[in-house]
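Peer 1: Shown below is the structure under consideration.
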Amino acid sequence: QVQLVESGGGLVQPGGSLRLSCAASGSIFSINAMGWYRQAPGKQRELVATITSGGSTIYTDSVKGRFTISRDNAKNTAYLQMNSLKPEDTAVYYCNAYIPPTITWGQGTQVTVSS
């Protein structure tokens, strides 16, 4: 059994920054990819960014140049540094981890960008 716990969400003004963390614990043998997704009210969950165990990253176009995903393999933790936040970034942010053959999701953390 693997558990993911997100932290770091909150309320921030437009142009501000937040850093999300996703810590994995439990029966972890090898985490392949980790990722961040988000879901705004009334919208489908969408990919924000992913990172493989080797450090390869993918970003959705709307966050390129503003968000940075990283991970600490020794701590089984992934991070999402979010800069230049916009109101349209408001959503619940979820992390997931691909530990073959399963994908595990965290409970989500709310990010609200508002003045």
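Peer 1: Hey, could you check the range 36-62 for residues that are touching a residue at least 12 places away in the same chain (Cβ under 8 Å) and of a type in the set (A, V, I, L, M) and say which is nearest to Ala78 (Cα to Cα)?
Peer 2: Going through the qualifying residues, I end up with Ile51.
Peer 1: Something else now. Filtering the range 63-103 down to residues that are over 17 Å from Arg38 (Cβ atoms) and open to solvent by less than 40 Å² (accessible area, probe 1.4 Å), which residue is nearest to the chain's Cα centre (by Cα)?
Peer 2: Thr77
Peer 1: Could you list, in sequence order, the residues of the range 17-30 that are open to solvent by 20 Å² or more (accessible area, probe 1.4 Å) and either over 14 Å from Thr90 (Cβ atoms) or of a type in the set (Gly, Ala, Ser) (or both)?
Peer 2: Matches in the range 17-30: Ser17, Arg19, Ser21, Ala23, Ser25, Gly26, Ser27, Ile28, Phe29, Ser30.
Peer 1: Then there is this: Quick one: would you say Thr112 is part of a strand (DSSP E or B), free of Cβ contacts under 8 Å to residues at least 24 places away in the same chain and within 17 Å of Gly8 (Cβ to Cβ)?
Peer 2: Criteria not met by Thr112.
Peer 1: Ala33: farther than 17 Å from Arg66 by Cα, in contact with a Leu (Cβ under 6 Å, 6 or more places away or on another chain), surrounded by 17 or more Cβ atoms within 10 Å (Cβ to Cβ) and in contact (Cβ under 8 Å) with a residue 24 or more places away in the chain, yes or no?
Peer 2: no
The values are calculated or read from the model by the stated rules, or taken from the named source; none is laboratory data. Not measured: the values here are computed from a predicted model. Here Cβ is always computed from backbone atoms with ideal geometry, including for glycine, and neighbour counts include all displayed protein chains. Keep in mind that these areas ignore ligands, DNA and RNA; they rest on the heavy atoms of the full protein, side chains included. Shrake-Rupley method; radii C 1.70, N 1.55, O 1.52, S 1.80 Å.
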